[in-house]
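Any read-out appearing in this document is the output of simple, stated calculations on the displayed coordinates, not a laboratory observation. Bear in mind that the values here come from a model prediction, so they are computed numbers and not experimental data. Methodologically, a virtual Cβ is constructed for each residue, glycine included, from the backbone with ideal geometry; neighbour enumeration extends over all protein chains shown.
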Amino acid sequence: MKSSFRKKVSIQRAGAGDYVAGRWVSGSPVTIEIFSSVQPVSGAVLDTLPENRKSKGVFALYSDFEFRKGGRPGEQPDRTTIGGDVFECFAVEPWKNGILEHFKAYFGKVDE
């Protein structure tokens, strides 16, 4: 869904991988263009996050795109670039209320 509040955002997603001779080999990354509202998180939300997330910088992205936070075998978290810094998805909340269904994803700054 495109709206005046959502802007084009590039999401980098690890490509599908596979086991080769018993070792996991990641697929080539893909870039997906989506529309999303990118918002800094409030102090109240920051207070609920682990210490290692608070000090690095966190944004919330709102979109009808289903983000990946990783955690499943072979699945890497989605990444995006905001203000020249790389951010990685660490939490996703599905909002399925029947009115304006969307996903809210939290992205934390990556130390590279």
For the chain, the longest site-free run once trypsin sites (Lys or Arg not before Pro) in DSSP loop states with at most 12 other Cβ atoms within 10 Å are removed: 3-95
Long-range amide H partners of Val41 with built H, under 5 Å: Val58, Ala60
Alpha carbons only, please: Rg and Dmax for the range 11-112, in angstrom. 14.8, 48
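With a cap of 15 neighbouring Cβ atoms within 10 Å, and only residues DSSP puts in a loop, list the GluC sites (Glu not before Pro) found in the range 5-94.
Answer in residue order: Glu66, Glu75.
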What's the tally of Lys pairs in the range 7-109 whose alpha-carbon atoms lie under 24 angstrom apart, where the two lysines are 8 or more places apart or on different chains? 20
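What chymotrypsin sites (Phe, Trp or Tyr not before Pro) does the range 1-42 have in DSSP loop regions with at most 13 other beta carbons within 10 Å?
Of the chymotrypsin sites (Phe, Trp or Tyr not before Pro), the ones in loops of the range 1-42 whose Cβ has at most 13 other Cβ atoms within 10 Å are Phe5.
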Where Lys and Arg each count +1 and Asp and Glu each count -1, what net charge lies around Lys96 among other residues with Cβ under 15 Å from its Cβ? -3
With each label point set 7 Å from Cα along the Cα-Cβ vector, what nm distance links Arg72 and Val25? 2.2
Additional length obtainable on full extension of the chain from Lys8 to Glu33, 0.36 nm per residue less Cα span: 8.3 nm
Helix-only estimate, please: 222 nm mean residue ellipticity of the chain, summing -39500 (n - 2.57) across DSSP H runs of length 4 or more and dividing by its residues, to the nearest 500. -1500 deg cm²/dmol
